[in-house]
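All of the numbers you see were taken from the coordinates with simple rules; none came from a lab. Computed from a prediction, not measured in an experiment: that's the story for all the values here. Cβ sites come from the backbone with ideal geometry, for glycine too, and all protein chains shown count toward neighbours.
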Amino acid sequence: MNRFIILLLIICSVLPVFAADFWLTQILSRSIILGVMALSLTFLTAYLGVVSFAQVTLAGIAGYTIAYFSANTAGIGAELPWVFAVLLALFFSTIAGALVGLIARQSVGIYSIMITLAISMAFFYFTRQNYSVFNGWTGFSGISAPSVMGLDLGAPVVFYYVCLFTGALATLFVVKFSSSPLGLSIQGVRDAARRVRAIGIPTSPVIVSAYAFSGLIAGMAGILNVWHQERVSSFSVGLGPTIDVLIISVIGGMRHPLGAFIGAITYVMIDTFAIDLISRDRFNTVIGLVLLLIVIAAPEGILGILKSVKERIKKIVLN
Amino acid sequence: MSVTNTPTSNDGDALSLQGVTRRFGSFVAVENFNMSIKTGERRAILGSNGAGKTTLFNLVTGDLALSAGNIKIEGVESSKLPTYKRIKSGIRRTYQHALLFDGLTVRETLFLSSVGIHNRWQSFLPIKKNNKYQAEAEMLAKKAGLFSLLDALVGNLSHGQKRQLEIGIALSGDPKIILFDEPAAGLSPAERPVLTELLLSLPKTISVILIEHDMDIALETSEIVSVMHNGKHLLERTPEEIVHSDIVRDIYVGKKQ
């Protein structure tokens, strides 16, 4: 798998030589951003064994922080050097993740879904009604990616590399974190919480730190998202994007961090090109059919399909 | 005939239970249970199904809260402590139905129990090779007879191997008291002597309490036997006395007509 990831990274890093700006910005960068957002969910699902509907909220908190502390057309907030804005955004999304974890720490299954959904909807309505910080319904626009030493991070090729780097970093974080003592404790809670307590580890801080870590990953996506879209509003944290992230995770597969990115690129391709095949209004039908097909035929997502194909090829070669 | 109800404990005991009681609604699962375990003591607890043996273990480790009474582990008043804090006093347990991390490997499981017990679980940095907790994990695997399976997924282990892993986990850190909850359940006749040998090989610094339905193992590995019936501590005897006890036969086989 590691060799496969390195190969994938090499291919991805030479893509700007061939790909037009449209592909870099609208397909690839967008896929990586959605992939990182989905990764924050698949991390929780695969390692802690819970489904959270609050990941888009956490990404949104990072996005709003960037907007508030950058030049914007809403006339709200205070401009800070971009490094500070980024650090604050990651800090807030991580803290918010920890808070979600604190509230949802006793819940699994349908209950963790309901609690995190309630939190995300509460945040959605809060952003619509609060004007002093979130600028209500309209939110913030006119935000651009910063320039670093004369290099415009928002330029298509540069922004693509920023996304690629962030995506690789987020994946590396998840892989390394999952094999750390705390990461193993999180998986222990997933398998047998009672046993975790019986080896001297309190479960609540373990669960809270898993959510906090997922907040950090979601925050990374939230920052890129606001630079990519150049705006953030209540629509960025609504039910639509929340469900999109869930769909991406299911399509890609949750067993490996790579699944989130495979799901994201599939989703973005359908979102972008379904319009050429059928009418724009039918997007939900197409993505719904894809989701249904995946759930019925390959519950482990595209990642699962790829794995079984690989095993079949191996068998044929060995025979 | 029954065990004296006046608690006889002193602070030198590894474990002391006084008036330990647990009610579920109107049902009393464990009633006014008194017991003192001396350091290095080997004790078996016998009793029919539903006598309250596992509930007693759950009360001692904090998996269940007490309704009344108090528990001292290594002289530390532990009645209100959460499970993970009682572990720090040196108490360990195995579960009747193996309660393990099916998604982790044997190595990861033993490593996790080692860092958990030494309170080093908080690190989010990847594990360095040749770390002392890694070394402990390998040592535990050796003791539990799972060294060749270090990198096997726990979910793929056989029933017997899972029981061995339970014991490996219980030996991590510096255990003072180990509670074994039916370690022989589901083991093949060939596996049983291995278990007996392992129980007998535990150093005398460790106190052992064993719940076991296999009389051979229970009587061979213990110096003193407690009999539990309907949640009560009915009697304490040596294994020789137990073999000839009418009460024990009555409990297990039913009264003579």
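Quick notes on this one:
- Each 10 Å bin, from zero up to the one with the longest distance, holds this percent of the alpha carbon pairs of segment B:100-172: 22, 57, 20, 1.
- Between A:G136, A:G219, A:G253, the residue with the greatest mean-square fluctuation in the GNM of chain A (Cα pairs under 10 Å linked by springs) is A:G136.
- Histogram of C-alpha separations across segment A:227-268, 5 Å bin width, %: 6, 23, 22, 20, 19, 9, 1
- Local electrostatic count, B:Y133, Cβ distance below 12 Å [Lys/Arg +1, Asp/Glu -1]: +2
- Pairs over the 23 Å Cα-Cα cut-off, from the set B:K72/B:K204; A:K314/B:K129; B:K88/B:K143: A:K314/B:K129.
- Approximate spin-label separation A:N130-A:S13, in nm, with each point projected 7 Å along Cα-to-Cβ: 4.0 nm
- For the pair A:T285 and B:E220, label points projected 7 Å from Cα toward Cβ lie 7.3 nm apart.
- Reference-scaled alpha-carbon Rg (2.2 N^0.38 Å with N residues) for the protein assembly as shown: 1.18
- The trypsin sites (Lys or Arg not before Pro) found in segment B:189-257 that occupy coil by DSSP, while having at most 10 further C-beta atoms within 10 Å, are B:K204, B:K255, B:K256.
- Amide H contacts of B:K232 (H built 1.01 Å from N, under 5 Å, at least 5 apart or other chain): B:E31
- Approximating the spin labels as points 7 Å out from Cα along Cα→Cβ, the B:N49-to-B:T205 distance works out to 4.0 nm.
- Theoretical ellipticity at 222 nm over chain B - DSSP helices of four or more residues, -39500 (n - 2.57) apiece, nearest 500: -8500 deg cm²/dmol
- Förster radius 35 Å - calculated FRET efficiency between B:K85 and B:I247, Cβ distance, rounded to 0.05: 0.40
- Here the calculated FRET efficiency for A:F165 and A:R194, from their Cβ-Cβ distance with R0 = 56 Å, stands at 0.85, rounded to the nearest 0.05.
- Net charge contributed by nearby residues that have their C-beta within less than 14 Å of A:F134 (K/R +1, D/E -1): +2
- Per principal axis, descending, Cα span of segment A:20-238 in whole Å: 55, 37, 28
- Here is the list for segment A:52-137: chymotrypsin sites (Phe, Trp or Tyr not before Pro) lying in DSSP coil, each with at most 15 other C-beta atoms within 10 angstrom of its C-beta, are A:Y131, A:W137.
- Unit Cα scatterers, Debye sum, chain B: log10 I(q)/I(0) for q = 0.14, 0.17 Å⁻¹: -0.97, -1.36
- Kirkwood Rh, Cα atoms: Rg over Rh of segment A:8-150: 1.02
- If R0 is 45 Å, the Cβ-Cβ spacing of A:I6 and A:A122 corresponds to a FRET efficiency of close to 0.60.
- Local net charge near A:G301, Cβ-Cβ under 14 Å (Lys/Arg +1, Asp/Glu -1): +1
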